[in-house]
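The values are calculated or read from the model by the stated rules, or taken from the named source; none is laboratory data. What you see is a predicted model; the values in this text were computed from it and never measured. Methodologically, a virtual Cβ is constructed for each residue, glycine included, from the backbone with ideal geometry; neighbour enumeration extends over all protein chains shown. When the accessible area is computed, the model is the full protein with side chains, heavy atoms only, and any ligands, DNA or RNA have been set aside. Shrake-Rupley method; radii C 1.70, N 1.55, O 1.52, S 1.80 Å.
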Amino acid sequence: MMTNLPISNDSIGTLTRGYVDEPWMQSGLALLLLGVVAWVANWVAKRVVLKLLLRLLNHLPFRIEAEHIGTIVARLSNIVPAIVIQVGIGAVPHLPVQAVTFVRSLSAAFIILTIAIAISGFLTLLNDLYQRRPNAANRPIKGYIQLGKLLLFGAAAVLIIAALMDQSPLLLLSGLGAMAAVLMLVFKDTILSLVASVQIGSNDMVRVGDWIEMPQFNADGDVIDIALHTVKVQNFDKTITTIPTHRLISDSFRNWRGMAESGGRRIMRSLMIDQSSVRFLDDGDVEKMAQFSVLRPYLEAKRREIERWNAEHGADGTVNGRRMTNIGTFRAYVQAYLQSRRDIAQDKTLLVRQLAPSENGLPIEIYAFANSTAWSEYEGIQGDIFDHLIAILPDFGLRLFQRPAGSDLAGLVPDHIREHA
């Protein structure tokens, strides 16, 4: 592309000196002509060469990320006008040497930065192509890609500074080596925060609007700002907690974004059953519980299963046989009740399980997901479920376990003693 340009290094000054006599007019016309040539070179690179290259990529026999390649090539095409300006600025007449040197240094810095960004895009493309491999999840290379980008932009920064100072990069590196210890000591927090910010952004760990929970900082709320040194969290009591950015990398925290994106919020709560109220069911109890429409399929299936088992094992259905219990029937009722509610997600885990008994009773735990992630709606759904279950427990002959209160103990004292107390 450079060899086909209509002018050479000396043609700009020759054309301008032949038509005007004033030095400032010669310089202005030469700069204008140089700008036009740079614009034409940029137009040819992007409108002609880039389109032809993208069309060629789309017709290649193997699959390739044409969009990513197009972005990389588009960035590289920005080098063309910079090269034109860098080469042609020396032919502009009557320009000070300092101005020519500055423009050339600025053009060189721009070229270095453009190449670094293009290489970074190529590394991203390599990672995307690697993710298609079957074992990519077991052996990720994202960390190596990030390290490569860090080294790439570090080297680019050194080269850009050297180009702007018009000095050798080796001389600059030798000077930086003596100040490395001082810089690391002075800017320790900034360096830590910078590295943390890169990791947070590249790994998509935290976004503005995420609900995070970090107990060691008493943070439990929504992220409202992510800066270089701090992350601000607005707690649910409207207080603001400020967390150092690098602590999000060194310490653990919980991000509730996955729950919000899933569309369901977990319900995990137990009913503590008084174990002395657990018993077998007789025929009258079974007939009474058959009035619950959600229980009828379970009772019929369970009755057939127990009768078949007792017949096969010669059991009489009393001491040696199997019988239904009120606690098992209650668990079946809770399962059927939750499956009948529209505000409970049926495509997610739904369990009603019995946990290990303790001195506080027998826990019957509900593990399900509400269809809403809004706090108020979620609490309303959870409250409705347990209101109903607590109220219906006596119909199964079950009692909730709770520690005795003062009023319970007072009821054990005879009236005549309380009157004289």
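Taking amide H positions as modeled 1.01 Å from N, with prolines and chain starts lacking one, the residues under 5 Å from PHE401 and 5 or more places away or on another chain are MET272, ILE273, ASP274.
What is the sum of charges around SER202, taking Lys and Arg as +1, Asp and Glu as -1, for the other residues whose C-beta is under 12 Å from the C-beta of SER202? After counting each charged neighbour, the total is +1.
In terms of the mean number of neighbouring beta-carbon atoms within 10 Å, the peptides 221-230, 275-284, 360-369, 244-253 order highest first as 360-369, 244-253, 221-230, 275-284. Computed over segment 189-314, relative contact order equals 18 percent, with contacts defined as Cα pairs under 8 Å that lie 6+ residues apart. For ALA345, the shell of other residues with beta-carbons less than 15 Å away shows a net charge of +1, using +1 for Lys and Arg and -1 for Asp and Glu. In order along segment 212-217, the phi-based Karplus estimate (6.51 cos²θ - 1.76 cosθ + 1.60, θ = phi - 60°) of 3J(HN,Hα) comes to 10, 10, 9, x, 5, 10 Hz; Gly and Pro are listed as x.
Coordinate range of the alpha-carbon atoms in segment 265-318 per principal axis, descending: 46, 27, 23 Å.
Couplings 3J(HN,Hα) of segment 188-200, computed from phi: 4, 5, 5, 5, 4, 5, 5, 4, 5, 4, 5, 5, 5 Hz, in residue order, whole Hz [Karplus 6.51 cos²θ - 1.76 cosθ + 1.60, θ = phi - 60°; x for Gly and Pro].
For segment 215-325, the share of accessible area belonging to carbon and sulfur comes to 48 percent (1.4 Å probe, ligands and nucleic acids excluded).
The packing ranking of peptides 325-336, 373-384, 303-314, highest mean first, is 325-336, 373-384, 303-314, where packing means the average number of other beta carbon atoms within 10 angstrom of each residue. The string of couplings for segment 100-116 from the Karplus curve (6.51, -1.76, 1.60, θ = phi - 60°) is 4, 4, 5, 5, 5, 5, 5, 5, 5, 5, 5, 4, 4, 4, 5, 5, 5 Hz, one whole number per residue in order, with x for Gly and Pro. Calculated accessible area for segment 248-385 comes out at 56 Å² per residue, all protein chains present (probe 1.4 Å; ligands, DNA, RNA ignored).
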